[in-house]
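Remarks on the structure that follows.
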Amino acid sequence: MKSATKPANGHTNGAVEARPVTVPDFLSARARGVRLTMLTAYDYITARLLDRAGVDGILVGDSLGMVVQGNADSLSVTLDEMIYHTRITARGIQRSLLVADMPFMSFQVSPQQALENAGRLMKEGGAHAVKLEGGARSAATIAAISQADIPVMAHVGLTPQSVRRLGGFRVQRDEGRLLEDALAVEKAGAFAVVLECVPTEVAEKITAAVQIPTIGIGAGAGCDGQVLVTPDMLGLFDKLQPRFVKQYADLGEQIVEAVKAYCREVKEGTFPGPKHGFR
Ligand code: KIV
């Protein structure tokens with residue numbers, strides 16, 4: 001029986017343990033009946049808050065192309081940008097496992113290219129692990145990276161870097177292929193696999209078929225863990241609102257109201273007050 005309250009690194013009394021979450025903690029989560037939590041962060045301030053709240057894994061996703069840079073997709077994100085955002089996110093983390101996304105064309109050319117770039121994300125960015133998209137087609141690359149002791153999180157189902165081939169961000173329903181992809185990345189050495197926009201029943205079958213943890217996004221509750229894009233779940237990004245996102249807060253609206261109050265008070269002359277100045 002899985003418990004939603006236990007953190008990934010084994011504490012049983014519901015408190016968040018200070019010990020850092022590790023790749024072995026992810027691998028043993030299912031056996032320990034622990035569901036994994038992951039969220040994205042792209043900077044120090046957000047990472048600090050997520051880490052303090054006890055999220056098991058923080059993903060510096062290439063979704064930053066959309067939610068930080070304002071592009072329509074993630075294709076233009078560069079490796080140097082990912083290294084920069086990983087480095088500033090790493091500074092805010094004490095406990096969570098830090099996973100950095102490999103951006104489009106940073107791993108597709110060859111396993112050698114992928115290995116060198118994954119190494120940069122660890123050495124220059126401070127990532128604990130990397131994530132890359134693709135199932136069977138990425139297996140040789142995942143093997144090359146994980147054999148160099150760089151833990152790899154795989155990503156199958158809807159792979160946003162394939163948006164041009166897919167013609168949009170669509171639910172992926174080819175059960176046979178999805179299963180084949182998940183088994184291929186497990187065999188190649190991935191320590192976890194993200195299942196994005198996959199029907200709930202298919203995600204359940206994949207989860208039963210593989211030993212590594214499945215981390216779902218738009219893949220139902222049968223996965224071993226969940227990941228969301230933080231600006232989506234906090235109500236900070238309203239350009240895209242996928243059906244699988246639950247909005248846990250409306251921080252966008254709160255920020256607009258706070259800024260309006262500040263502007264009003266400055267214009268009225270009520271801010272700064274006496275206590276905000278020096279005598
Ligand atoms: O880039 C990202 O944020 C991701 C998540 C949606 C899993 O890959």
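The values are calculated or read from the model by the stated rules, or taken from the named source; none is laboratory data. All figures in this text were calculated on a predicted structure; none of them were measured in a lab. Note that we place each Cβ from the backbone using ideal geometry, even for glycine, and neighbour counts take in every protein chain shown. Just so you know, the surface numbers come from the protein's heavy atoms only, side chains and all, with ligands and any DNA or RNA stripped out. Shrake-Rupley method; radii C 1.70, N 1.55, O 1.52, S 1.80 Å.
Name the long-range amide H neighbours of Leu97: under 5 Å, sequence gap of 5 or more, or other chain; modelled H, no Pro or chain starts.
Under 5 Å from the amide H of Leu97: Val21, Gly57, Ile58.
Using the basic label-point model (7 angstrom from Cα toward the beta carbon), what is the Leu49 to Arg170 distance in nanometres?
Label at Leu49, label at Arg170, 3.6 nm between them.
Keeping every protein chain in place, order Lys239, Lys205 by accessible area at 1.4 Å, biggest value first, i.e. largest first. Don't skip to the answer; put the middle values down first.
Values: Lys239 145, Lys205 105 Å².
These residues rank, largest area first, as Lys239, Lys205.
Amide H neighbours of Val194 under 5 Å, at least 5 residues apart or on other chains, H built in the peptide plane: list them.
Here the answer is Ala154, His155, Val156, Ile215, since their amide H atoms fall under 5 Å of that of Val194.
Report, in deg cm²/dmol and to the nearest 500, the calculated mean residue ellipticity at 222 nm for the chain, where each DSSP H run with n ≥ 4 adds -39500 (n - 2.57) and the sum is divided by the residue count.
-10500 deg cm²/dmol
With both bridge residues required to lie in region 23-248, what share of the DSSP beta bridges run antiparallel, to the nearest 5%?
5
In a GNM of the chain with a 10 Å cut-off on Cα contacts, which of Gly57, Gly33, Gly126 has the highest mean-square fluctuation?
Among Gly57, Gly33, Gly126, the largest mean-square fluctuation in the Gaussian network model of the chain belongs to Gly33.
Give me a comma-separated list of calculated 3J(HN,Hα) values for region 155-166, in order, Karplus coefficients 6.51, -1.76, 1.60 applied at θ = phi - 60°, integers in Hz, x for any Gly or Pro.
Each residue's phi maps through the Karplus curve to give 8, 10, x, 6, 10, x, 6, 8, 4, 5, 5, 6 Hz.
Under 15 Å from the Cβ of Gly135, count the other residues' Cβ atoms, weight Lys and Arg +1, Asp and Glu -1, and hand me the total.
For residues surrounding Gly135, the net value is 0.
Which percent of the accessible area of region 182-279 is formed by carbon and sulfur heavy atoms (probe 1.4 angstrom)?
Ligands and nucleic acids excluded, carbon and sulfur give 57 percent.
List the extent of the Cα atoms of the chain along each of their three principal axes, largest first, rounded to whole Å.
For the chain, the Cα spread along each principal axis is 68, 45, 36 Å.
Place a point 7 Å from Cα of Lys246 in the direction of its Cβ. Which residues in region 25-61 have their backbone N less than 17 Å from it?
35-40, 54-56
So what's the angle, to the nearest 10 degrees on a 0 to 90 scale, between helix 111-123 and the longest Cα principal axis of the chain?
For 111-123 against the chain, the angle is about 40 degrees.
Which percent of the accessible heavy-atom area of region 15-103 goes to carbon and sulfur, probe 1.4 angstrom?
57
How high is the FRET efficiency between Ala209 and Ser76 when r is their beta carbon distance and R₀ equals 30 Å, given to the nearest 0.05?
0.30
When ranked by the protection proxy of mean other Cβ atoms within 10 Å per residue, highest first, what sequence do the peptides 72-85, 35-48 form?
Values: 72-85: 18.3, 35-48: 22.1.
In descending order of packing, they fall as 35-48, 72-85.
For region 18-34, in order, what is each residue's ³J(HN,Hα) by Karplus, 6.51 cos²θ - 1.76 cosθ + 1.60 with θ = phi - 60°, in whole Hz (x at glycine and Pro)?
The phi angles translate into 6, 4, x, 6, 10, 4, x, 4, 5, 5, 9, 4, 4, 4, 8, x, 10 Hz.
Beyond a 31 Å Cα-Cα separation, which of these cross-linked pairs lie in this structure: Lys123/Lys246; Lys131/Lys246; Lys131/Lys205; Lys131/Lys239; Lys123/Lys205; Lys246/Lys275?
Lys123/Lys246; Lys123/Lys205; Lys246/Lys275
Between Asp174, Asp62, Asp232, which gets the highest mean-square fluctuation from a Gaussian network model of the chain, Cα cutoff 10 Å?
The residue with the greatest mean-square fluctuation here is Asp174.
Taking the solvent-accessible surface of protein heavy atoms with a 1.4 Å probe, what is the per residue accessible area of the chain in Å²?
50
Using 7 Å Cα-to-Cβ label points, what is the Lys267/Gln113 separation (nm, one decimal)?
Each label point is offset 7 Å from its Cα along the Cβ direction, giving 5.3 nm.
Just to confirm my numbers, what's the Cα centroid distance between region 204-279 and region 156-184 in Å?
27
Note the angle between two axes, namely the Cα long axis of helix 251-268 and the longest principal axis of the Cα atoms of the chain, as a number of degrees from 0 to 90, rounded to the nearest 10.
20
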